[in-house]
Amino acid sequence: TVTGGGTYYSNETVQLSAAAAGDYVFTQWAENGTQLSADAAYSFSPEKNMNITAVFTQKTMSAQVQGLNSDDKYVYNGSAPTLSVSYGQDSLTETDYSVKWFSGGYECQAPVEPGFYSYTVSGAENSSYAGKSCSGQLEIVKKQLTAADFDFTAPENTVYDSTAKAAQVAAKTGVEAG
């Protein structure tokens, strides 16, 4: 709903207001594609003839995987990844939606092993988000081990070259080093 339109003189104050309905959200007031205001209530004094449009966009469901690294991959840390789900500007709680995970095209439990996964988020049937959905993809990778991940203490007065140290660390931890 938009109110305040009409004919005004240059010394008058124009007061426009916009209210979104249903699955839409108010985005901006614009003239010829240029944003004038992002506020639903917009007041101004016209200096010329203007044709101002209220712009609304449809709300969408979206999901973001929490804890991605700089390569947009999830580094396995002992627990399954979690999602942050929203619909428009609303943050959803876990009772508002359900998640299905897929690996190789087959539905699976929440992923914990390295590999490629896809997911579909659907609004809960008994919520106002029923019928809404989104999907995405995720790669889970193993943590890259560094020297800080190992407990290595060389005996006093002993010098190891890097090959010997790597072999001893591998033997001590059971992890392949190299």
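At a glance:
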item	result
Equivalent ellipsoid semi-axes - Cα gyration tensor, segment 13-144, angstrom	41, 17, 11
Solvent-accessible area, 1.4 Å probe, carbon plus sulfur percent, for segment 25-118	44
Hypothetical label at Asp71: residues of segment 86-122 whose amide nitrogen lies under 12 Å (7 Å Cα-Cβ projection)	115
Within segment 1-73, trypsin sites (Lys or Arg not before Pro) in DSSP loop having at most 13 other beta-carbon neighbours inside 10 Å	Lys48
Per DSSP, loop GluC sites (Glu not before Pro) in segment 9-76 with at most 15 further Cβ within 10 Å	Glu12, Glu47
Potential lengthening between Val25 and Phe116 on full extension [0.36 nm per residue; Cα-Cα distance subtracted]	29.3 nm
Extension gain (nm, one decimal) between Asn11 and Thr60, 0.36 nm per residue minus Cα-Cα	13.6 nm
FRET E, pair Lys143, Thr93, Förster distance 35 Å, beta-carbon r, rounded to 0.05	0.70
Full-extension gain in nm, Tyr106 to Ser45, via 0.36 nm per residue minus C-alpha separation	16.0 nm
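The values are calculated or read from the model by the stated rules, or taken from the named source; none is laboratory data. If you're wondering where the values come from, they're calculated on a predicted model, not measured in any experiment. Virtual Cβ from ideal backbone geometry, glycine too; neighbours counted across all protein chains shown. These area figures cover heavy atoms from the full protein model, side chains too; ligands, DNA and RNA do not enter into them. Shrake-Rupley method; radii C 1.70, N 1.55, O 1.52, S 1.80 Å.
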